[in-house]
Amino acid sequence: MDGNNIILEMKDVCFSYTDRQRKVLDHVSFKLKKGEKTGLIGTNGSGKTTLLHIIMGLVPISSGNMRIFGKPVKSGKDFDAVRQKIGLLFQNADDQLFSPTVLEDVAFGPLNLGKTPRQAREMAEKTLAELNLKGFENRVTHKLSGGEKKLVSLATVLVMSPEVLLLDEPTTGLDESARERIIAVLNKLDISCVIVSHEYDFLARTTRFIYSMKDGRTEYNGDSAALHTHYHSHTAGKLPHVHEMGRLG
């Protein structure tokens, strides 16, 4: 029964660029179950973004095994069906938004799937309303604030009704108000999520489980509720930590 709830499973996955000796991912094992919201935390270069790109089939694994929705995935064709069910929110909203207006950006995905202009508009308007962005339809995309761009980017993904949502540093560069709006939206979503962030307190408020990554490896996984948001001084600076009670393996 438990196996039927597993959406994504990686076992000993490795990845490295051909011009580099160091593995970007080094025998990573990772699991996501239906309905779970899981966080990935680690410093820059720890492999978090690469892991998301591998899930989407944007880069191929060097070795290891991966199953998504119960099926093994290896080649480019295997990921065609995956991309129809999994949505990716890029770290930089400008990489996701390219149309002149908000409505055009959000309606682009449905139009690309063959929806009529009327259907696509209705889907876009409904999604914007759900994100408290009603009235943004005719706003010029590149003139939006950072937080508004992030929410519109999220709308372009959610309008496709994904079963799984991958988010890469969704609060980077946002002020406190925009950050709180993102947290509120994520906590209302009733779909499985993998959220990449370097902020412990953000993940403690938006996820149930967490994996820590360092140098391409998962250091531990545990319950987000065990996270502490205070800091200890280390030689590399002040770093958040997880107590041993939060470690499961």
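Once backbone amide H atoms are built at 1.01 Å from N, LEU8 has LEU32, PHE69 as its partners under 5 Å, excluding neighbours fewer than 5 places away on the same chain. The C-alpha atoms of region 86-203 occupy a region whose extents along the principal axes are 43, 30, 22 Å, arranged from largest to smallest.
Which residue, LEU52, LEU144, LEU154, has the most motion in a Gaussian network model of the chain that connects Cα atoms within less than 10 Å? Greatest mean-square fluctuation among the candidates belongs to LEU144.
Principal axis extents of the C-alpha atoms in region 1-146 (largest first, rounded to whole Å): 47, 38, 27.
Highest GNM mean-square fluctuation among GLU148, GLU176, GLU104, for the chain modelled with Cα contacts below 10 Å: GLU176. Residue by residue, region 114-122 carries 3J(HN,Hα) couplings of x, 5, 6, x, 5, 4, 4, 5, 5 Hz when phi is fed to the Karplus relation 6.51 cos²θ - 1.76 cosθ + 1.60 (θ = phi - 60°); x denotes Gly or Pro. For the set LYS23/LYS71; LYS77/LYS126; LYS33/LYS71, the pairs lying more than 22 angstrom apart at their alpha carbons are LYS23/LYS71; LYS77/LYS126. For the chain, the longest principal axis of the C-alpha atoms and the axis of helix 146-158 are separated by about 90°.
Let me have the 222 nm mean residue ellipticity of the chain computed from DSSP H runs of 4+ only, each contributing -39500 (n - 2.57), with the sum over all residues rounded to the nearest 500. Could you put the intermediate results ahead of the total?
Values: 7 runs with 74 residues, N = 249.
One gets -9000 deg cm²/dmol as the mean residue ellipticity at 222 nm.
Spacing of the modelled spin labels on THR18 and ASP78, each 7 Å from Cα toward Cβ, amounts to 2.0 nm. In the elastic network of the chain, a GNM with C-alpha springs shorter than 10 Å, the most mobile of SER75, SER192, SER62 is SER75. Share of pairwise Cα-Cα distances greater than 21 Å in the chain is 60 percent (whole percent).
As a proxy for reagent exposure, ARG208, ARG179, ARG22 were ordered by neighbouring Cβ count within 10 angstrom, fewest first; the result is ARG22, ARG208, ARG179. Ranked by how many other Cβ atoms sit within 10 Å of their own Cβ, fewest first, the residues TYR17, TYR211 fall in the order TYR17, TYR211.
Placing a label point 7 Å from the Cα of THR43 along the Cα-to-Cβ direction, no residue of region 68-100 has its backbone N under 13 Å from that point.
Readers should treat all values here as calculations from the given coordinates under stated rules, not as data from a laboratory. Predicted, not measured: the structure shown is a model, and the values here were computed from it. Note that each Cβ is placed from the backbone with ideal geometry, even for glycine, and that neighbours are counted across all protein chains shown.
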